[in-house]
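Derivation of every value follows stated rules applied to the coordinates shown; laboratory data play no part. Predicted, not measured: the structure shown is a model, and the values here were computed from it. Backbone-built Cβ (ideal geometry, glycine too); neighbour counts: all protein chains shown.
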Ligand SMILES: Nc1ncnc2c1ncn2[C@@H]1O[C@H](COP(=O)(O)OP(=O)(O)OP(=O)(O)O)[C@@H](O)[C@H]1O
Ligand SMILES: [Mg+2]
């Protein structure tokens, strides 16, 4: 059983990776990381020597200045918290002898490109999943695919899982490419930089790798929802172009629409009001009554509906292609 | 392959009906196809041949009725039923960006018991050894048809269903296929189901044919009965046609028409042929040749379906 499913995954992977478009996608991914790296490299001022020698005095001056300003900032809670965080982190640096970098570093670069590159990976995965489902109908290969001793549910699942494996592969490529480009542009010596996290008034030192993958994971919430929607549209309409166009449009326009509509209380039930979970960790939620639990529940409902509708259409409808 | 081979027919249709919207596309089809025979589906365009095949392989649901493959219902026991089937439905569409070999590996992974040797064996059978590692997009129609047959044979099915298999094949390819289908049915007891517009082809290829018209089964018959029903046509080459025709008319009350300068043609029951020869000989007519004209399936088909054009 599991053996058979591994075979199905191998088949779907073969169909993804043997298409010419796969190489183009990976090339674009690496090319963009390289391009952004170059642009940042040549627009960042080089560190000055005084900054390297007297950094503790400079940090202390910064702390004193921030502390003086603090009482006057109580009105805006977010700004107030940011200042408190900066003070705590700077104090931690002086105490543990952790020099702040005066320019872009390898890890900061890896983190900086994550968001936009994952949007692009999302677009690619949408193309992969829509092609994987709809092209079988377009080309007529669906007939030979479905007359095997395998349930349609298993075929659909293998297509969905292989598309998500493509996302994982792309994330690994992104991580490795941005790490290498970051190193080339900003120096591999900054790879050992400490990652400082401030939470509940305490500063911790954590791993950058972990932090980057946490960011990847959070960014993938929106990606997975969009890809699932694309699979649903492809299964229902059996049309790849429609699935790609509609789901990418939703992914791009959704968050903007939600911002514009944020004064209505029903906006919180819209998918795109809930895909950005970072609104609960560093920022203000779209609407004050929204919580992390609420968003997860809304996401779960949308996800289940997408999967159920896509599954029903894929497994129940006649194949006339 | 199955324990039921001896008791159950390879394919059994029971009151199969398909409606799309209000239109009845297939109307109450019931018949059986046995192992070891080549069964042909015959019918004009839009008769419902492809639709029937789609229902047999589970691509379409039936509105009413049931289909059993080696005793397993395609509705209730899909995996058990479909495991016994290899098929091409309409055109043999394969993944164009993969090689022929990769396509076969793809389908081999979806069933159990197909190893590398089996793939090579099937490739040899359809004579694709030289191009199996080329991308399918470079294949000609006939090569794709061969690859289609190869994927249908991979798992040694008990039922082989080919929708218009000769489409795109050259004469040699058609000959090879016909020979191979015969061999499969005779030696490996495969039930072979074909549909084709090439009626003369069907005549050579099939043991029995089922005629579909507007979704209804007009008849299931062996090719021989089918062709010969409605009388045998004979041609007589004689010295004096006019006299011979007169003798036949006067003594036997049968009509003979002039087919050639020295040849008469008539259609009659087989048993009458020696009677005519006796009568002519007694009347001193010199007979140079008696030829039984095999009526083509096409003529017969047009008779049965009411003279509607086929192509
Ligand atoms: N999706 C559909 N909706 C309505 N009617 C359909 C649909 N698909 C097929 N039909 C009808 O079903 C009938 C049977 O079609 P089918 O393709 O089975 O015929 P066929 O015998 O294979 O013809 P051909 O010789 O052209 O291959 C046709 O009259 C066609 O109009
Ligand atoms: Mg057809």
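Relative to the longest principal axis of the Cα atoms of chain A, helix A:292-316 runs at roughly 20 degrees. Counting, for every residue in B:106-113, the Cβ atoms of other protein chains within 10 Å of its Cβ and taking the mean gives 6.
What does the average come to when, for each residue of peptide A:9-20, you count the partner chain Cβ atoms lying within 10 Å of its Cβ?
Neighbouring Cβ atoms belonging to other protein chains average 3 per residue here.
Structure remark: mean-square fluctuation, Gaussian network model of chain B, C-alpha springs under 10 Å; the largest value among B:275, B:114, B:122 belongs to B:275. Helix content alone sets the calculated 222 nm mean residue ellipticity of chain A: runs of n ≥ 4 DSSP H residues at -39500 (n - 2.57) each, divided across all residues, give -25000 deg cm²/dmol. If you take the beta carbon distance between residue A:253 and residue A:116 as r and set R0 to 22 Å, what does 1/(1 + (r/R0)^6) give as a FRET efficiency, to the nearest 0.05? The value I calculate is 0.85.
Given 37 °C and 0.692 mPa s, compute D for region A:1-151 with the Stokes-Einstein relation, Rh being the Kirkwood radius over Cα pairs; round to the nearest whole µm²/s.
Calculated translational D: 157 µm²/s.
Shape analysis of region B:229-299 places it in the prolate category; the axes a ≥ b ≥ c from the Cα gyration tensor give an a/c of at least 1.5, with a/b above b/c.
Projecting label points 7 angstrom from Cα along Cα→Cβ for residue A:139 and residue A:217 puts them 3.6 nm apart. Each of residue A:207 and residue B:255 was given a label point 7 Å from its Cα along the Cα-to-Cβ line. The distance between the two points is 9.7 nm.
Distance from the alpha carbon centroid of region B:121-195 to that of region A:268-291 works out to 59 angstrom. The convex hull around the C-alpha trace of the protein assembly as shown, projected and averaged over every direction, spans 40.6 square nanometres. Under the shape rule built on the C-alpha gyration tensor, where the axes satisfy a ≥ b ≥ c, region B:1-101 is oblate, since a/c reaches at least 1.5 while a/b does not exceed b/c. Mean-square fluctuations from a GNM of chain B, with a 10 angstrom spring cutoff on Cα atoms, peak among B:237, B:166, B:99 at B:237. Annotation: average projected area of chain A is 20.0 square nanometres, based on the convex hull of Cα atoms across all directions.
Computed from the Cβ-Cβ distance with R0 of 25 Å, the FRET efficiency linking residue B:188 to residue B:222 stands at 0.75. Please list, by residue number, everything in region A:151-193 whose backbone N is under 20 Å from a paramagnetic label point 7 Å out along Cα→Cβ of residue A:315. Hits in region A:151-193 for residue A:315 at 20 Å: A:151-164. Largest first and in whole Å, the equivalent-ellipsoid semi-axes of chain B read 45, 23, 17, each the square root of five times a Cα gyration tensor eigenvalue. Which angle from 0 to 90°, rounded to the nearest 10, does the C-alpha axis of helix B:171-187 make with the longest principal axis of chain B? Orientation of helix B:171-187: about 80 degrees from the principal axis. In a fully extended conformation the segment linking residue B:45 and residue B:75 would gain 8.1 nm over its present Cα-Cα distance, using 0.36 nm per residue.
Under 15 Å from the 7 Å Cα→Cβ point of residue A:197, by amide nitrogen: which residues of region A:96-124? Once the point is set 7 Å along Cα→Cβ of residue A:197, nothing inside region A:96-124 turns out to lie under 15 Å by backbone N.
What does a probe at residue B:34 reach in region B:44-82, counting residues whose amide N is under 19 Å from the point 7 Å along Cα→Cβ? Once the point is set 7 Å along Cα→Cβ of residue B:34, B:68-72 turn out to lie under 19 Å by backbone N, inside region B:44-82.
Here the sum of -39500 (n - 2.57) over DSSP H runs of 4 or more residues, divided by the residues of chain B, equals -10000 deg cm²/dmol at 222 nm, to the nearest 500.
Largest GNM mean-square fluctuation among A:147, A:94, A:296, using chain A with Cα springs under 10 Å: A:147.
Mean per-residue shielding of peptide B:92-104 is 4, counting Cβ atoms of other chains within 10 Å of each Cβ. Compared with the dominant principal axis of the Cα atoms in chain B, helix B:272-282 is inclined by about 30°. Note on residue A:94 and residue A:277: their simple-model spin labels are 3.7 nm apart, each label 7 Å out from Cα toward Cβ.
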